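I have placed the structure first, in the form of structure tokens, so that the comments after it can refer back to it.
Read-outs: derived from the displayed coordinates by stated rules, not from any lab. The shown structure was predicted, so the numbers you read here are calculated from the model rather than taken from an experiment.
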Amino acid sequence: MAWFRRRREPSRGSGRQADRADLEHLAEFVRSRRGVEGFIEPRTTVTETTVLLVAHDGEWTRRRIDSPEGARRFAHQLAMPIYDVRLMGYPQRMRDYNARQKRRPAS
């Protein structure tokens with residue numbers, strides 16, 4: 001009988017934290033594009049905290065980050081504005097970019 005077994009804490013997220021490759025990818029995205037802004041996406045039951053970077057034309061990338069504070073430190077080091085996506089929402093230019101990509105013919 002399993003009545004008295006200890007219940008395990010349900011796991012949140014995949015357990016994978018940001019690593020050096022994630023941070024390098026984000027930094028390279030900022031260096032190679034103009035008008036980049038960051039958006040902190042909160043931890044969910046599926047993913048850890050992530051940072052979404054959106055360039056001036058709507059091109060975007062997303063990677064895991066250790067914490068919202070880590071995302072703010074990262075943005076401060078690169079002199080990049082950063083927002084909480086729960087407060088600001090996703091920028092229209094990102095949605096427009098996604099729509100343009102869907103309309104592109106497949107190669």
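Data table
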| read-out | value |
| --- | --- |
| Contour excess over end-to-end distance, with Cα ends at THR47 and ARG34 and 0.36 nm allotted per residue | 1.9 nm |
| From the C-alpha gyration tensor of region 20-103, square roots of 5λ in Å | 19, 15, 12 |
